[in-house]
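The values are calculated or read from the model by the stated rules, or taken from the named source; none is laboratory data. Being a predicted model, the structure only gives us computed values, none of them experimental. As a convention, Cβ positions derive from the backbone with ideal geometry for all residues, glycine included, and neighbour counts pool all protein chains shown. Please note that ligands, DNA and RNA were not included when accessible areas were found on the heavy atoms of the full protein model with its side chains. Shrake-Rupley method; radii C 1.70, N 1.55, O 1.52, S 1.80 Å.
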Amino acid sequence: MTAPQPFLAEVEPPSPLEESLPTFYIGHHESKRPLPVTEFVLQQAQDTGYDMLTSPITSPHFHSRVLTLVSSYLVELSRLEISDDLNTTSSIPPAPIIPPLTPFDTPMTPSDTLSQLIGYCSPWIDLCSSDPLISNISRQVLNIEIAYASFCGVGNIIIPGPRNYSSGSTDNNGIIQYARAIQEALTIGSYIQMAIHVPMYGHEEVKDMTGDLQPFARDYESPGKPKESKDIDLFETWDAWNFIRSVCKYNSRLSVALGIPRQLPVESLQSRWFAEPLRLLSFTPSSFLKNKGGHPVFSKSHQTLLSRYMRLKQPPWLLLSDVGPVPGLDDPIQLSATADGFPSPSAVLDASRSVSPTLSPTPSEATAASRETPKSKPKPKDPAAHLIYMRYLQRNQPPRTAIEKFGSGYQDYLQAPLQPLTDNLESVTYEVFEKDPVKYDWYERAIAQALSDWTKQSKPTSSSNGAVVIAVAGSGRGPLVTRALRASKMTGVPVEVWAVEKNPNAYVLLQRHNDMDWGGVVNVVKSDMRAWKGPLINPTTAVGQATSTTTSPASPYGKVDILVSELLGSFADNELSPECLDGVQHVLAPQYGISIPSSYTAHLTPILAPRLHADISHRAVTDTTATETPYVVMLHAIDYLATTVPDHPRIQQAWEFVHPLPASTLAIAEARRGGGVSGGGGGSMAGGDGANEHNTRYSRMKFVCRDRGVVNGLAGYFEAILYDGGAEGKVELSTRPDTIDDKSKDMISWFPIFFPLKNPLYYPDDAELEVSIWRQTDDRKVWYEWMVEAFAMVGPEKRMRLGMSEVGSSRKVGCLM
Ligand SMILES: C[S@@+](CC[C@H](N)C(=O)[O-])C[C@H]1O[C@@H](n2cnc3c(N)ncnc32)[C@H](O)[C@@H]1O
């Protein structure tokens with residue numbers, strides 16, 4: 001096991017999502033806001049239904065001061081050029097320094113309203129400029145603005161994204177200039193949250209920007225303008241963002257304000273952005289369609305995208321950009337009657353008719369529509385139409401699924417895997433397992449099928465009275481024991497049930513259950529299953545006492561026909577199910593005995609997980625094992641990097657364990673134990689005597705990636721066959737996102753495992769990732785080692801290794817046997 005572990009007192013629990021629908025926190029942005037955002041403006045905006053406003057940090061006054069400074073400097077330069085005084089580079093006068101802000105230079109001042117404001121940095125600068133003067137001045141402007149916003153107490157700012165990306169061509173150093181400027185800005189405003197405003201793909205629409213610094217750039221070697229290219233490089237913007245945040249070392253205060261275009265990109269790019277720290281989604285009028293009534297509405301795909309992004313653990317804020325002024329500022333009568341944020345009925349009706357049949361108005365809206373919209377009068381354009389529509393969408397979000405509700409608050413929350421073998425679990429932990437609506441039913445089905453087959457096939461049993469002997473190895477608080485008894489009742493096959501548990505506290509509950517619920521028919525044993533001798537044939541000693549007498553021909557211990565266990569971890573074998581089941585296999589009836597589960601497999605896929613990477617890097621400051629720990633985590637803000645192609649699916653099986661083992665394998669293991677190896681030999685390479693060597697594994701898998709990306713680690717899943725009922729079908733469990741619905745829909749017991757890479761591994765388009773993973777043991781411990789290599793094809797048959805990760809190893813935090 002397992003999925004959400006109850007939180008220990010000293011661990012701060014993640015804040016669970018409210019039961020209600022996601023909060024839409026909606027802001028208003030104007031690229032040329034005419035008035036300073038005063039308390040009155042803010043109040044008007046809030047009355048209309050906005051939650052916040054953006055405000056420029058500096059004023060047009062400041063802008064013209066900077067332009068004058070730049071022009072004067074350039075005039076001075078040309079004067080020197082003409083007079084031939086610029087004969088050496090050293091005689092070029094240093095770039096001017098922008099004098100400090102004056103009260104005319106900024107509309108902002110520290111006040112209570114600032115908490116509802118987002119500072120918007122000047123878009124007329126060009127940090128990417130190839131002209132050192134322009135990039136220098138731009139950096140100064142940025143720094144001045146951030147320092148002042150920070151001083152005033154602004155919590156969030158938006159910085160317009162880079163004006164060119166240069167991911168493909170080599171002749172532009174703009175993006176590195178930009179990234180370094182942001183890195184510097186992060187040190188200036190040391191508390192402020194910074195969102196980089198970038199479109200999902202391509203460049204922001206070029207707006208007519210009076211006083212843009214870009215045209216001032218002198219003709220340097222690399223032109224500052226983005227290169228016209230016929231091919232649209234969809235991932236170029238993401239690439240630029242990735243570059244910036246990598247330079248800024250995944251700083252947790254750096255996020256994305258994502259511009260949503262009218263034409264949405266391919267799914268792979270939408271899911272790429274989903275994995276990124278989306279602070280804001282910004283919409284311009286061009287992100288919307290118009291319905292028949294002329295109201296702004298989203299296309300179906302925009303609605304789906306919005307619902308998806310709003311399900312992030314921290315839903316992004318929504319910014320309506322340039323959708324018109326805040327209503328009522330110049331004409332209070334114009335203040336629309338929608339201060340409660342409810343949609344104008346005609347907007348909703350039209351929206352539902354022409355765009356989304358699923359989004360129909362509520363009865364109250366429909367009534368209001370007939371009351372408020374006289375058919376004869378043409379309705380004036382609602383100045384808050386975009387906002388009204390967003391509020392409407394907010395109230396019509398699809399309900400959350402069972403898994404979403406169960407995992408609420410746990411998304412991307414890293415937990416160290418349980419070690420149920422070395423640690424004794426608390427009752428509350430068992431209680432969480434027992435909430436699974438699927439797992440126990442599936443075990444019951446598997447046991448029932450196994451019992452029916454046992455009788456159908458007339459197999460002899462290990463009891464003297466013909467009952468099939470079932471042992472639940474690691475029974476916890478007993479839910480599988482209950483299911484075994486139910487399976488027997490359902491099939492009519494008599495059983496003798498043994499419950500073996502090493503946790504002394506759970507043992508108390510097992511005995512209590514036996515008295516109160518199971519009618520005393522269960523034999524409860526307090527023992528490590530590996531030390532259990534088997535069912536006492538004639539229990540003269542108290543039932544449940546493990547003894548350590550050696551087995552003799554006249555052994556008092558019988559055998560088990562069906563060994564039921566649930567010792568699986570998120571990566572199948574990571575809680576040492578193989579080692580425990582090997583250790584108890586001696587009690588299994590040699591010829592007919594079966595194990596439920598009969599086999600399990602571990603599966604992997606490379607993922608982009610920037611949030612997890614940032615979290616782990618942060619932990620690594622104080623915890624040296626942070627980057628070497630495989631974590632149990634409900635993966636959420638991640639992107640799957642591999643594409644499914646023939647022979648190389650997106651998620652691949654690493655290895656398998658099958659139970660029971662062939663007797664010969666166990667015999668070799670036994671011979672090796674304590675150093676006694678037939679034919680000599682010095683034990684295993686990892687330092688043990690080799691008795692557990694048969695449980696080591698190695699796998700190398702090739703993944704094909706169409707779009708460039710960054711690997712932050714490997715997501716691990718498992719599948720298990722509880723029982724293969726032949727014609728009746730297999731009873732299987734799966735946590736793989738692509739097979740869970742087929743095999744064990746709605747099972748919630750296990751979150752995936754995450755093997756982190758210490759350093760992100762970048763790869764280009766059309767690359768291959770080779771993942772190597774080892775299961776290692778030294779007979780005392782089990783641990784994993786993993787690494788990723790990136791290759792690019794450089795010819796039809798030739799590829800080149802571009803880079804590789806360090807080898808991760810969980811040896812220091814390995815599972816003790
Ligand atoms: C994941 S829990 C499952 C509990 C229960 N069967 C269920 O499904 O809810 C695994 C249980 O196995 C027990 N366990 C693990 N290793 C064991 C061992 N070597 N011998 C006996 N019990 C063991 C743990 O104490 C724990 O109660």
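So how much slack lies between A667 and Q591, counting 0.36 nm per residue of separation and subtracting their Cα-Cα distance, in nm?
Stretched out fully, the A667 to Q591 stretch lengthens by 25.8 nm.
Amide H of L722: which non-local residues (sequence gap of 5 or more, or other chain) have their own amide H closer than 5 Å, using H built in the peptide plane?
S598, V731, E732, L733
Given an 8 Å cut-off on Cα distances and at least 6 residues of separation, report the relative contact order of region 702-782 as a percent.
So the answer I get is 44 percent.
Please report, in debye to the nearest 20, how large the charge dipole of region 599-816 is about its Cα centre when each Lys and Arg carries +1 at its beta carbon and each Asp and Glu carries -1 there.
480
Multiplying the sequence separation of Q314 and K405 by 0.36 nm and subtracting their Cα-Cα distance, what value in nm do you get?
Here the answer is 31.3 nm.
If I model a spin label as a point 7 Å beyond the Cα along the Cα-Cβ vector, how far apart are those points for D517 and V428 in nm?
2.0
How would you rank 186-195, 493-502, highest first, on the average number of other Cβ atoms within 10 Å across their residues?
So the peptides 186-195, 493-502, ranked by packing, come out 493-502, 186-195.
Would you please give the FRET efficiency between Y73 and F40, computed as 1/(1 + (r/R0)^6) with r the Cβ-Cβ distance and R0 = 45 Å, to the nearest 0.05?
E between Y73 and F40, to the nearest 0.05, is 0.70.
Under a 5 Å amide H to amide H cut-off, with H placed in plane at 1.01 Å, what residues pair with N759 once short-range neighbours are removed?
The answer is E806.
What's the carbon and sulfur percent of region 27-341's accessible surface, probe 1.4 angstrom, rounded to a whole number?
57
Taking 45 Å as R0, compute the FRET efficiency from the Cβ-Cβ separation of F104 and S246 and round it to 0.05.
Plugging the Cβ-Cβ distance into 1/(1 + (r/R0)^6) gives 0.70.
R0 = 56 Å: FRET efficiency of A467 with R811, Cβ-based, nearest 0.05?
Taking R0 as 56 Å, the efficiency between A467 and R811 is 0.80.
So, taking all protein chains as they sit and a 1.4 Å probe, how much accessible area belongs to Y698, in Å² rounded to tens?
Probe radius 1.4 Å; accessible area of Y698 about 120 Å².
At a probe radius of 1.4 Å, what is the per-residue accessible area of I82, in Å² to the nearest 10?
140
Per residue of region 724-735, what does 6.51 cos²θ - 1.76 cosθ + 1.60 with θ = phi - 60° give for ³J(HN,Hα)? Whole Hz please, x for Gly and Pro, Karplus curve as stated.
9, x, x, 4, 5, x, 8, 9, 10, 10, 8, 10
What residue among I638, I616, L588 has its Cα farthest toward the positive end of the dipole of region 570-645, where the charges are +1 on Lys, Arg and -1 on Asp, Glu, each on the Cβ?
So the residue we want is I638.
Working out 0.36 nm times the residue gap between S190 and D765, then minus their Cα-Cα distance, what length gain in nm do you get to one decimal?
Length gained, S190 through D765: 203.4 nm.
In whole Hz and in residue order, list the ³J(HN,Hα) couplings for region 484-494 that follow from phi through the Karplus curve 6.51 cos²θ - 1.76 cosθ + 1.60, θ = phi - 60°; x for Gly and Pro.
These are the phi-based 3J(HN,Hα) values: 5, 5, 5, 5, 5, 5, 5, 8, x, 8, x Hz.
When the solvent-accessible surface of protein heavy atoms is calculated with a 1.4 angstrom probe, in what order do R780, R799 fall, highest first?
Sorted by accessible area, descending: R780, R799.
Starting at the first residue of region 95-110, write each ³J(HN,Hα) from the Karplus equation 6.51 cos²θ - 1.76 cosθ + 1.60 with θ = phi - 60°, in whole Hz, x for Gly and Pro.
Per residue, the Karplus-derived 3J(HN,Hα) values read 4, x, 10, 6, x, x, 5, 10, x, 6, 7, 8, x, 8, 8, x Hz.
On the full set of protein chains, 1.4 Å probe, figure out the accessible area of E728 and give it in Å² to the nearest 10.
120
Which residues' amide hydrogens lie under 5 Å from the amide hydrogen of S55, considering only partners 5 or more residues apart or on another chain, with H built in the peptide plane?
I118, G119, Y120
Quick check on packing: order 509-521, 308-320 by the mean number of other C-beta atoms within 10 Å, highest mean leading.
Most protected by this proxy first, the peptides run 308-320, 509-521.
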